[in-house]
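Quick one: the structure is below, questions incoming.
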Amino acid sequence: MTSSDPARTPQAQALDLVTRYYAAFNAGDAAGMLGLLTDDVQHDVNEGETQRGLEPFRAFLAKMDAHYRERASDLVVMATPDGTRAAAEFVIHGEYLQTDPGLPDARGQTYVLPVGAFFELRGDKIARVTNYYNLAEWTRQVSVGAEHA
């Protein structure tokens, strides 16, 4: 069955959609991630601005790829019965590759952080992505890693 199979419940389709989003993330497949988003996607960046549209999301992914290598593990996805909202909890395992302006210097430090993400879904596409993680804890981890580099 495909994710758009009408025999599947809206909740099952939502769970599949968000799971495919993280599979594309873990594969480093930006095109695959972008293909799962609406053209007017709203992206609420952790402790940052709200961006709208595929082009800002594409630019965000390119920036992330330049500065970080990340993989999500221990993924748990939840969805409402009507399939319009979903949430994911996971652990991000990362490596800080290149200094991101305004953040500590990058020296290949690794980090592990719990992350929560919330989604608004429209049919077979993601219309909103909101991510939350503890930036102070990330900063502590890469600062400790920098001291030992």
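The values are calculated or read from the model by the stated rules, or taken from the named source; none is laboratory data. Every value quoted in this text rests on a predicted model; they were computed, and no experiment measured them. As a convention, Cβ positions derive from the backbone with ideal geometry for all residues, glycine included, and neighbour counts pool all protein chains shown. SASA here: full protein model, heavy atoms, side chains in, ligands and nucleic acids out. Shrake-Rupley method; radii C 1.70, N 1.55, O 1.52, S 1.80 Å.
Dividing the convex hull volume of the Cα atoms of the chain by its residue count, what figure in Å³ per residue is obtained?
100 Å³
At D39 and A66, where each label point lies 7 Å from the Cα along Cα→Cβ, what is the point-to-point distance in nanometres?
For the pair D39/A66, the computed spacing is 2.7 nm.
If you don't mind, another one. Just the number please: accessible area per residue for the chain, 1.4 Å probe, all protein chains included, in Å².
54 Å²
Using label points projected 7 Å from each Cα along Cα→Cβ, tell me how many nm separate F118 and R58, to one decimal.
Output for this residue pair reads 2.9 nm.
Multiply the residue gap between A31 and R85 by 0.36 nm, knock off their C-alpha separation, and tell me the result in nm, one decimal place.
Value of the extension gain: 17.2 nm.
If you consider only alpha-carbon coordinates, what radius of gyration and Dmax does region 1-86 have, in Å?
Rg and Dmax of region 1-86, Cα atoms, are 13.9, 42 Å.
Roughly to the nearest percent, how much of the accessible area of the chain is carbon and sulfur, given a 1.4 Å probe? Can you show the working numbers first?
Working: 4290 of 8000 Å².
Whole-percent figure for carbon plus sulfur exposure: 54.
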